[in-house]
Amino acid sequence: MQQLIYFFQKFKYFLFFLFLQFIALTLIFNNLNFQNSKYVNSANALTGGLYHKVSDMSDYFSLKATNIQLIEENTLLRNFLNQKTNTSFTVDSIVIDTVKYYQKYTYTSAKVINNSYSKAFNFLTINKGSIAGLSKEMAVVNSKGIIGFIDNLSPNYGRIQSILNKNTKINARLKNGYFGTLQWNGLDYNTVQLIDIPRQAPVKIGDTIETGGKSAIFPEGILIGTVIEINKDNAVDNVINVKLFNDMAVIGPVYVIKNLQKVEIKRLETSGNE
């Protein structure tokens, strides 16, 4: 207490000056419009800048939650778009357009928690398994294209056989409709090979390769990559190098695709001829 009294006694004139200065500024800002507007603008700029920084920091720390929300919304959208098909019927010579809900595929979001891409037989692990309704031979894709398909499951996790696996063979096609088989030679993790394309098929550098849809696993039209090299000897195997759209070394959120008609297709294909 004695030190506080000593402080006021020592700086009493300076403190009195600050007090008078405060009163003078208050009178100026309250009674003169120009000075008042300048003060308000300066205060708004300062607080606005501070709020902007705080907002940016808050947005940064909420990115993970935002990304999860976007992935869930994309999953719902994919399922909805897969349901909706147009149809029409005629009543008394009047054509009536309706909307028919017919779903062949469902989509489940997941996250890759382990990934190998430098071996001859590569696999990925996702954070969802049989409890989430997943089963073997479900396609796995992301926004850029195909990743692989599920080959093993536990209740909470799934193992994906990567496209970068020498045992993986996927039906694929050129945009012009010619079909072939996609596989990997085990060399460059950015490049896979398309084989069995007919020699007469027109193909050029830059052509887009996508899934062909001739299997019960992958829907047709899923992006794969672009042609970067063509076998020039026009041999029977006609190997075409395809640069993947995906960087297989960096895979995060994915979508697992279930074919709702797979069992029916498999039963038909394996049934004996009568």
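The values are calculated or read from the model by the stated rules, or taken from the named source; none is laboratory data. All of these numbers come straight from a predicted model, not from anything done at the bench. Methodologically, a virtual Cβ is constructed for each residue, glycine included, from the backbone with ideal geometry; neighbour enumeration extends over all protein chains shown.
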Just to be sure I understand the filter: pairs with C-beta atoms under 7 Å, separated by 6 or more residues or on different chains, first member in the range 128-149 and more than 20 Å from Tyr189 (Cβ to Cβ), second member outside any loop (DSSP other than H, G, I, E, B) and of a type in the set (Ser, Thr, Tyr). Which pairs pass? Lys128/Thr108; Ala132/Thr108; Gly133/Thr108; Leu134/Thr108
Scan the range 165-192 for residues that are β-branched (Val, Ile, Thr) and either surrounded by 17 or more Cβ atoms within 10 Å (Cβ to Cβ) or part of a loop (DSSP other than H, G, I, E, B) (or both) and report the count. 3
Look at Pro219 and say whether it is in the same structural domain as Asn122 (by TED's automatic domain parsing) and within 23 Å of Val112 (Cα to Cα). yes
Please work out if Leu187 is more than 13 Å from Ile217 (Cα to Cα) and either in contact (Cβ under 8 Å) with a residue 60 or more places away in the chain or within 22 Å of the chain's Cα centre (by Cα) (or both). no
Only listed residue being over 25 Å from Glu220 (Cβ atoms) and either part of a strand (DSSP E or B) or modelled with pLDDT under 90 (or both), chosen from Phe89, Phe80: Phe89
Search result, residues across the range 179-210 that are more than 23 Å from Ser116 (Cα to Cα) and among the hydroxyl-bearing types (Ser, Thr, Tyr): Thr208
